[in-house]
Each structure stands twice: as structure tokens, then as C-alpha cells.
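The values are calculated or read from the model by the stated rules, or taken from the named source; none is laboratory data. This structure is a prediction, so every number in the text was calculated from the model and none was measured. Cβ: placed from backbone, ideal geometry, glycine included. Neighbour counts: every protein chain shown. Surface areas here come from the heavy atoms of the whole protein model, side chains and all, with no ligands, DNA or RNA. Shrake-Rupley method; radii C 1.70, N 1.55, O 1.52, S 1.80 Å.
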Amino acid sequence: FAISLLWCLGLNGGTIVNGIMRPFWVPLQDENLAAIEAGKIAPNIITEQFFDMIWIGGAGATLAVVLVLLFKARSKQYKELGKMSLAPGLFNINEPIMFGLPVVLNPVLMLPLLLGPIVITVLNYSAMALEIVARPTGVIIPWTTPPLIQGFLITGHWSGALLQLVDIVIVMLIWLPFIAVMDKKKVAEETGVQDSKNSKGKMGA
């Protein structure tokens with residue numbers, strides 16, 4: 001919640017919050033790694049890698065937003081933004097979405113940016129607590145590791161990848177109505193501009 005809220009205000013929430021929380025996470029990761037090496041179940045769910053699994057495409061899990069723009073947007077501007085944001089999003093870099101959509105300082109998009117990560121955090125924690133999905137092993141991987149591959153490597157099990165796929169679908173559903181409203185307005189703007197250009201062209205002729 002704090003990371004997403006800070007991003008809404010134009011601050012890099014991940015850098016701020018992770019810097020505070022990392023000293024608490026590192027011992028938990030070490031405990032998990034020691035347990036796995038001893039052939040036991042990892043005792044801790046909350047680790048830095050647990051939250052890496054949440055930030056699918058960057059803070060706010062915005063790879064889902066990229067996919068909504070690509071497959072659902074009718075606006076030319078949003079379609080192009082989706083295409084431009086896909087490659088960075090696959091490596092968990094989301095500045096094109098944060099500043100291009102924009103999400104930063106946009107009260108309309110504050111709710112999905114806050115809600116999406118909270119929903120999938122609760123889901124992921126519950127799935128791991130109930131032992132439906134494997135827990136983080138304690139292995140540290142680069143935060144730029146692409147989703148699905150990331151989930152598999154963090155948990156050491158295919159269930160981690162499947163969980164991230166489910167997360168993406170859930171966040172897409174959360175964002176879909178908000179993007180639809182913005183997309184409708186953008187299409188109307190683009191149509192109005194095009195009609196204006198056509199009218200001027202006919203007058204000039």
C-alpha cells in the first residue's frame with residue numbers, strides 16, 4: 001500500500017520502502033534458505049522475494065495495465081503506449097506506464113494502483129500459508145527477472161509461475177473498467193481532432 005501510494009504522489013515507493021524493510025527481510029530469507037538446505041519446508045512467507053512476485057511489471061503490478069492497453073484499448077495513443085511499455089514491463093520497469101498513461105498524480109487511477117497489489121498480496125500469502133503454492137526458498141534473484149520465470153525461480157516450483165499468471169489476470173480485471181473510461185474519452189478526443197483536420201482540409205480544397 002505504501003509503495004503504491006508513494007508512486008501516486010510521484011515518489012519512487014519501492015526505493016523508499018524497500019530500503020526501510022530490507023534489514024527485516026534478509027534474516028527471514030536466510031532462515032528459508034537454511035530450512036530448504038536441511039530438507040524442511042521454508043518457515044517464512046514474507047521475504048523480499050515474496051514482494052518481488054507481487055510487483056509484476058513494476059510497482060503496482062502494472063504489466064497487467066500494459067496487457068489491457070494492448071488488447072482492449074481502441075485509442076491509438078493508448079495502443080502505442082501499450083506497445084512501447086511491453087518490453088520494459090517484461091523486465092519489471094514501468095516508468096512508461098507511470099508517467100505515460102499517466103498514473104502518477106492521477107486521482108482516477110489511484111484506486112486500481114492501490115487495490116491491485118493489496119488483492120494479490122492477500123491471495124499469494126493465503127495460497128502459500130495453505131501450502132497450495134510453494135514458499136520463497138530464500139534464493140535472491142534480480143528484480144528485473146521476467147514474470148512467471150521469476151515466480152518459478154523464487155519458489156523453486158511451477159506453482160510460483162502459475163500464481164503470477166493468476167495475479168496478472170486478477171489485476172487486469174481490476175484495471176479494466178478504469179482503462180475503459182479513459183479509453184472512451186481518448187477515442188472521442190482523437191476522433192474530434194481527426195474530424196477537425198478533415199474539415200480544415202476540405203475548406204482548404
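Name every residue in the range 1-15 that is touching a residue at least 12 places away in the same chain (Cβ under 8 Å) and in a helix (DSSP H, G or I), in order of residue number.
2, 3, 4, 5, 7, 8, 13, 14
Mind counting the residues in the range 68-98 that are without any contact (Cβ under 8 Å) to a residue 40 or more places away in the chain, open to solvent by 70 Å² or more (accessible area, probe 1.4 Å) and more than 12 Å from the chain's Cα centre (by Cα)?
Final tally of qualifying residues: 4.
May I ask you to say which residue of 137, 155, 144 is within 30 Å of residue 40 (Cα to Cα) and touching a Phe, Trp or Tyr at 6+ places or on another chain (Cβ under 8 Å)?
Every option except 144 fails the conditions.
Checking the conditions here, which among 15, 62 is buried (at least 21 other Cβ atoms within 10 Å of the Cβ), polar (S, T, N, Q) and within 18 Å of residue 113 (Cα to Cα)?
After ruling out the rest, the residue left standing is 62.
The rows are residues; the columns are (1) surrounded by 14 or more Cβ atoms within 10 Å (Cβ to Cβ); (2) within 21 Å of residue 178 (Cα to Cα).
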{"site": "100", "(1), (2)": "yes, yes"}
{"site": "106", "(1), (2)": "yes, yes"}
{"site": "115", "(1), (2)": "yes, yes"}
{"site": "118", "(1), (2)": "no, yes"}
{"site": "122", "(1), (2)": "no, no"}
{"site": "125", "(1), (2)": "yes, no"}
{"site": "135", "(1), (2)": "yes, no"}
{"site": "138", "(1), (2)": "yes, no"}
{"site": "143", "(1), (2)": "yes, no"}
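Going by the conditions given, is residue 39 open to solvent by 30 Å² or more (accessible area, probe 1.4 Å), under 30 Å from residue 106 (Cβ atoms) and in a loop (DSSP other than H, G, I, E, B)?
no
With the structure loaded, tell me whether residue 33 is assigned to a helix (DSSP H, G or I), under 30 Å from residue 187 (Cα atoms) and open to solvent by 10 Å² or more (accessible area, probe 1.4 Å) or whether it fails that test.
Against the criterion (assigned to a helix (DSSP H, G or I), under 30 Å from residue 187 (Cα atoms) and open to solvent by 10 Å² or more (accessible area, probe 1.4 Å)), residue 33 does not qualify.
In the range 161-205, how many residues are at pLDDT below 95, open to solvent by less than 70 Å² (accessible area, probe 1.4 Å) and among the acidic types (Asp, Glu)?
2
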